[in-house]
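Trainee: The following block contains the structure, expressed as structure tokens.
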Amino acid sequence: MQAMKLRDILANIDHSECLASNLDLEIQGVEFDSRKVKAGDLFVPLTGGASDGHSYIQAAIDQGAVACFWSASADQAPSDQLAVIVVEDTLKAMQELAHYYRQVLDPIVIGITGSNGKTTTKDMTAQVLIAKYHVHKTQGNYNNEIGLPYTLLQMPADTEVVVCEMGMSGFGEIQALSQLAEPDIVAITLIGESHLEHLGSRAGIAQAKLEILQGLKSGGVFFYPGAEPLIQSCWPSLDEPVKAYSFGASSDYDIYSYDIIEEPKQTIFQTNLDPNIRCVIPVIGAYNVNNALIALGIARELEVPIEQAIFQLSQFKLTANRLEWLTTQAGTLLLNDAYNASPTSMRAVLASLSNIDLDNKGKRYAILGDIRELGPDSAQLHRELSDAIDPQAIDGVYLFGPEMKHLYEALLDKYPASDLFYEASDHQVLINRLKADLQPDDMALVKSSFGVDLLQVVTALTGHPTK
């Protein structure tokens, strides 16, 4: 990050007091994990959860911290070892500092949210924009009230564009993130069923996602899925008009795709942005084409030559554990997508798996774990996934978790019991069965919510830890 003086930090943090005399002290970086602190950093001891960050202050000092926020008892503050900025709430102070730093650098800010595809779209967007700009982006899944300000505070001094992923689990969270980041461009990938437990309905999810417009700067740009009627029906009242572009697989939309070809490790398509150039994304799934349309639309808005943007799109790399092709120790081709799941995303990837041509005599398998946070309709939503699983395309199904019992029972109407496997809770039982069944010529999909920990199964099958 660009160095900031202590006096400027104090001037932009509410209800703060500095227990130091040298207000010209320069802060070189900001960290909330004491293990990542470097010389010259400001340490943010976050509170809440299982631990209190204040207890790690000595570790941060030992790593080279020269300042810290402090909300614990003032008489416990280590003001003899570093500059202490006393605040009411260390997280709020970090957010205020991030908002100030965003204003100092004044990059173009892009905010991306959606029930699925946020991370993929963020990665694609950052990739296409490097053709023209110095780009910074959210790392991993740092997309919440801690991760977003941290992303902003990590921006290098030469950042021209920052691509911010924005996640949420309830109402008000996206609005807070959007108002903190003040984006110039925002996008909603899709409205799915994630967080139904907290938001009650897909309409509630749409309302929560549309909160991203609340922080959009005057004259800002909004990309949204044209096939989603809830976008229009839940559109919030705004003080300023926005420039909105729809996207999808129909010429009715502002940005659209056509002639989609799915292959095991890439997807090919055409777009009206330049009908003369074939687009290639190095990832399976026709549903990822919409994510690519967002990235290309943003590139056009920021005047990146379309041919350069399309080339860069072909070079992008997915974040680990998302549609990642691996090989098991037995030689089975494994599609690891065990980081996140919703009924919508599970249906989409099952469709893509079903469309892959097998050049050998191997079989296709689906290894599916519970989808979390679906609320009272969870049993029904799991059961209805049976519609997306075709015995003519998928030879066998392995199911894991208490909620997947409902899908197992539904599939018994379509599959012989010998082609189905169900385990409620023991990962090792599932691992043992897969090791016994999967053959070198086979192909298998692993898909679940992160909390189900099917990554443990992936690690056991491949012999390599997941990232």
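The values are calculated or read from the model by the stated rules, or taken from the named source; none is laboratory data. In this text, all values refer to a predicted model and were calculated from it rather than measured experimentally. With ideal geometry, Cβ positions are generated from the backbone for all residues, glycine too; neighbour counts draw on all protein chains shown. For accessibility, only protein heavy atoms count, side chains too; no ligands or nucleic acids. Shrake-Rupley method; radii C 1.70, N 1.55, O 1.52, S 1.80 Å.
Trainee: My understanding is that a pair violates if its Cα-Cα distance is over 26 Å; which of LYS243/LYS317; LYS209/LYS405; LYS118/LYS447 do that in this structure? Mind dumping the intermediate values first?
Mentor: Numbers: LYS243/LYS317 30 Å; LYS209/LYS405 31 Å; LYS118/LYS447 17 Å.
Pairs exceeding the cut-off: LYS243/LYS317; LYS209/LYS405.
Trainee: Which aspartates and glutamates, if any, have their Cα less than 12 Å from the Cα of LYS137, not counting same-chain residues under 8 positions apart?
Mentor: Once the sequence-local aspartates and glutamates are set aside, what remains near LYS137 is ASP123, GLU160, GLU165.
Trainee: Next question. Which aspartates and glutamates have a Cα less than 12 Å from the Cα of LYS92, not counting those fewer than 8 places away in the same chain?
Mentor: Leaving aside aspartates and glutamates fewer than 8 places away in the same chain, those within reach of LYS92 are ASP14, GLU145.
Trainee: Further question on the same structure: Suppose accessible area is computed on protein heavy atoms with a 1.4 Å probe; arrange TRP70, TRP325 from highest to lowest.
Mentor: On the way: TRP70 10, TRP325 55 Å².
Sorted descending by solvent-accessible area, the residues read TRP325, TRP70.
Trainee: Can you give me the accessible area per residue for the chain, using a 1.4 Å probe, in Å²?
Mentor: 41 Å²
Trainee: Once the whole set of protein chains is in place, how much accessible area is left on CYS18, using a 1.4 Å probe, in Å² to the nearest 10?
Mentor: 30 Å²
Trainee: What figure, in Å² to the nearest 10, do you get for the accessible area of THR327 with a 1.4 Å probe and non-protein molecules left out?
Mentor: 80 Å²
Trainee: How large, in percent, is the carbon and sulfur part of the accessible surface of the range 91-211 at a probe radius of 1.4 Å? Present the calculation step by step, with values, prior to reporting the outcome.
Mentor: Values: 1670 of 3530 Å².
Carbon with sulfur: 47 percent of the solvent-accessible area.
Trainee: Continuing with the same structure: For the range 74-136, which chymotrypsin sites (Phe, Trp or Tyr not before Pro) pass both filters: DSSP loop (anything but H, G, I, E, B) and at most 12 other C-beta atoms within 10 Å? Kindly include the intermediate steps, with their values, before the conclusion.
Mentor: Details: sites: TYR100, TYR101, TYR133; in loops: TYR133.
Taking the range 74-136 and a limit of 12 other Cβ atoms within 10 Å, no loop chymotrypsin sites (Phe, Trp or Tyr not before Pro) are found.
Trainee: Moving to a separate point now. Compute the acute angle (0 to 90°) between the alpha-carbon long axis of helix 118-129 and the principal axis of greatest extent of the alpha-carbon atoms of the chain; round to the nearest 10°.
Mentor: So the helix axis and the longest Cα principal axis differ by about 70 degrees.
Trainee: I would also like to ask the following. How do LYS209, LYS36, LYS361 stack up against each other in accessible area, from largest to smallest, with a 1.4 angstrom probe? Working shown, then result.
Mentor: Values: LYS209 5, LYS36 90, LYS361 190 Å².
Ranked from most to least accessible, the order is LYS361, LYS36, LYS209.
Trainee: Can you tell me what share of the DSSP beta bridges in the chain is antiparallel? A percent to the nearest 5 is fine. Could the numbers behind the result be given before it?
Mentor: Numbers: 17 of 67 bridges.
Here the share of antiparallel DSSP bridges comes out near 25 percent.
Trainee: Hey, another quick one. How compact and how long is the range 367-467, expressed as Rg and Dmax of its alpha-carbon atoms in Å?
Mentor: Gyration radius and largest Cα-Cα distance of the range 367-467: 13.3, 40 Å.
Trainee: Here are a few candidate values for mean projected area of the Cα convex hull in nm²: (1) 27.9; (2) 23.3; (3) 29.3. Which one was actually calculated from the structure I just gave you?
Mentor: Here the calculated entry is (2).
Trainee: Between the DSSP loop rule and a limit of at most 16 other Cβ atoms within 10 Å, which trypsin sites (Lys or Arg not before Pro) in the range 367-440 are left? Please list the in-between numbers first.
Mentor: Numbers: sites: ARG372, ARG383, LYS405, LYS414, ARG433, LYS435; in loops: ARG372, LYS414.
Those satisfying the criteria are LYS414.
Trainee: Would you mind checking the tilt of helix 90-105 against the longest principal axis of the Cα atoms of the chain, expressed as 0 to 90 degrees and rounded to 10?
Mentor: The angle comes out near 90 degrees.
Trainee: Of all the accessible heavy-atom surface of the range 234-278, with the other protein chains kept in place and a 1.4 Å probe, what percent is carbon and sulfur? The partial results should precede the final answer.
Mentor: Details: 1070 of 2610 Å².
Whole-percent figure for carbon plus sulfur exposure: 41.
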